[in-house]
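Participant: One structure coming up, written as structure tokens, with questions to follow.
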Amino acid sequence: MSKKALSKAEFAKLMASVNETSIVEAENAIEQFTAGIMSAAKQGDNVGIVGFGTFEVRTRAARTGRNPSTGEKIDIAANKTVALKVGKLLKASVNQ
């Protein structure tokens, strides 16, 4: 099974063909969707899409790491990240 990451343009073409719409409209939909997710994440909000999943803002604790080149210990500050908790329908569609 070949794993290929679709580019944004390739995904827009796929969306356009599935939804029988233009590529420009699909690109606009992708832009609006990603802008909405980023805006909510910036405010610290989670976004749940039933069946698809939930985009969650998570906080990583500060920790000590190592510089791979020198082996020297470095302090890594606490930070926030966004994770996707996959929904049942998406998970089921992958396993079909």
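Each reported figure results from applying straightforward, stated rules to the coordinates on display, with no laboratory input. From a predicted model like this one, the values you see are computed outputs, not experimental measurements. Cβ coordinates were reconstructed from backbone atoms using ideal geometry, including for glycine residues, and neighbour counts include every protein chain displayed.
Participant: Mind checking the range 10-96 for GluC sites (Glu not before Pro) that DSSP puts in a loop (not H, G, I, E or B) and that have at most 14 other Cβ atoms within 10 Å?
Facilitator: Counting only loop positions with at most 14 other Cβ atoms within 10 Å, the GluC sites (Glu not before Pro) in the range 10-96 are Glu20, Glu72.
Participant: Mean shadow of the range 46-96, computed from the convex hull of its alpha carbons, in nm²?
Facilitator: Average of the hull's projected areas for the range 46-96 equals 5.2 nm².
Participant: Using Cα atoms only, what is the angle between the long axis of helix 23-42 and the major principal axis of the chain, expressed in degrees (0 to 90) to the nearest 10?
Facilitator: 30 degrees
Participant: Next question, about the same structure. Taking 7 Å along the Cα-to-C-beta vector as the label spot, tell me the Lys88-Ser7 distance in nanometres, rounded to one decimal.
Facilitator: My value for the distance between the label points is 3.9 nm.
Participant: Then there's this: For the chain, which span is the longest to avoid every loop-located (per DSSP) member of trypsin sites (Lys or Arg not before Pro) having at most 12 other Cβ atoms inside 10 Å?
Facilitator: Here the longest segment lacking exposed loop sites spans 5-96.
Participant: What is the Cα radius of gyration of the chain over 2.2 N^0.38 Å, N being its residue count?
Facilitator: 1.46
Participant: Just to confirm the number: angle between the C-alpha axis of helix 8-19 and the first principal axis of the chain, 0 to 90 degrees, nearest 10?
Facilitator: Compared with the principal axis, the helix lies near 40 degrees.
Participant: On to the next question. What residue among Gly71, Gly44, Gly36 has the largest mean-square fluctuation in a Gaussian network model of the chain, using Cα springs under 10 Å?
Facilitator: Per the Cα network of the chain with a 10 Å cutoff, Gly71 tops the list.
Participant: Using helices alone, what [θ] at 222 nm do you get for the chain, with -39,500 (n - 2.57) per DSSP H run of 4 or more residues, divided over all residues and rounded to the nearest 500?
Facilitator: When only DSSP H runs of four or more count, the value is -13000 deg cm²/dmol.
Participant: May I pose another question? With the contact rule set at Cα under 8 Å and sequence spacing of 6 or more, what percent relative contact order holds for the chain?
Facilitator: 20 percent
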